[in-house]
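**Q** Quick one: this structure, given as structure tokens, is what I'll be asking you about.
The values are calculated or read from the model by the stated rules, or taken from the named source; none is laboratory data. Owing to the predicted nature of the structure, the values given are computational and were not obtained by experimental measurement. Counting neighbours? That spans all protein chains shown, and the Cβs are built from the backbone with ideal geometry, glycine included. The accessibility values were calculated without ligands, DNA or RNA, using every heavy atom of the protein model including side chains. Shrake-Rupley method; radii C 1.70, N 1.55, O 1.52, S 1.80 Å.
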Amino acid sequence: MTEIWTIPGYYSSLFKNKLTPDYEAYVSQTDKESETNYAADAGLIISWEQLGNRLIFWENFMNKYPESKLIKTVKQDYNYYLSDYLLGMDNTPTYEREQDKGTGKLNDENRAEFNRMIKKYPNSHTAKKVKEIMILFDTQTPVDQIDEKIHGER
């Protein structure tokens, strides 16, 4: 398999001062995000905090530019990031599954990150979703139901 990517910063330099504010913000952020691979081999490569920061950027983008022509793409990317942030990926899950009960327990690292998100951005949509998932895990909701709820909201 081969992937072809542009050099980070290429589009920002190419279109400098030639874009609307929403496109400028979009290109700048995607350039920053392309500096580091996000995931590989079904596992997250960046830190949970970095992923959380990406979520907040895109949430703020959607709030600032609700009429942007990019909004559909941004919402889709935000939802993929949110799903990975809340549940993890196959090789970097956010929880330990208890096979005999079908429930799960959030990893301490993820619980700490979720608490950071709630504290730093208490009124954000991301913090709201984090609170919801913490409650679901704390009330021993079956993991399959949690997964269905999160992926069903995309």
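**Q** Quick test for you: out of Tyr121, Tyr85, Tyr95, pick the one residue that is under 23 Å from Ala42 (Cβ atoms), of a type in the set (Phe, Trp, Tyr), in contact (Cβ under 8 Å) with a residue 24 or more places away in the chain and open to solvent by 20 Å² or more (accessible area, probe 1.4 Å).
**A** Among Tyr121, Tyr85, Tyr95, only Tyr95 is under 23 Å from Ala42 (Cβ atoms), of a type in the set (Phe, Trp, Tyr), in contact (Cβ under 8 Å) with a residue 24 or more places away in the chain and open to solvent by 20 Å² or more (accessible area, probe 1.4 Å).
**Q** Spot the failing condition for Asp108; the list is (1) open to solvent by 60 Å² or more (accessible area, probe 1.4 Å); (2) among the acidic types (Asp, Glu); (3) in contact (Cβ under 8 Å) with a residue 12 or more places away in the chain, and only one is missed.
**A** (3)
**Q** Mind checking which residues of segment 36-57 are among the aromatic types (Phe, Trp, Tyr) and either out of contact with any Ser or Thr (no Cβ under 9 Å at 6 or more places or on another chain) or surrounded by fewer than 19 Cβ atoms within 10 Å (Cβ to Cβ) (or both)?
**A** Answer for segment 36-57, where residues must be among the aromatic types (Phe, Trp, Tyr) and either out of contact with any Ser or Thr (no Cβ under 9 Å at 6 or more places or on another chain) or surrounded by fewer than 19 Cβ atoms within 10 Å (Cβ to Cβ) (or both): Tyr38, Phe57.
**Q** Taking Tyr23 as the residue in question, decide whether it is open to solvent by 60 Å² or more (accessible area, probe 1.4 Å), in a helix (DSSP H, G or I), among the hydroxyl-bearing types (Ser, Thr, Tyr) and within 19 Å of Lys64 (Cα to Cα).
**A** Considered against the rule, which asks whether it is open to solvent by 60 Å² or more (accessible area, probe 1.4 Å), in a helix (DSSP H, G or I), among the hydroxyl-bearing types (Ser, Thr, Tyr) and within 19 Å of Lys64 (Cα to Cα), Tyr23 comes out as yes.
**Q** Does Asp100 satisfy the condition of being out of contact with any helix residue (DSSP H, G or I) (no Cβ under 9 Å at 6 or more places or on another chain) and assigned to a loop (DSSP other than H, G, I, E, B)?
**A** Judged against the criteria, Asp100 is a match.
**Q** So in segment 124-154, with the set limited to residues that are outside any helix (DSSP H, G or I) and either under 16 Å from Leu82 (Cβ atoms) or of a type in the set (A, V, I, L, M, F, W, C) (or both), which one is modelled with the highest pLDDT?
**A** Only one residue tops the list, namely Ser124.
**Q** Looking only at segment 124-139, filter to residues that are touching a residue at least 40 places away in the same chain (Cβ under 8 Å) and under 16 Å from the mean Cα position of the chain (by Cα); which one of those is farthest from Gln50 (Cα to Cα)?
**A** Ile133
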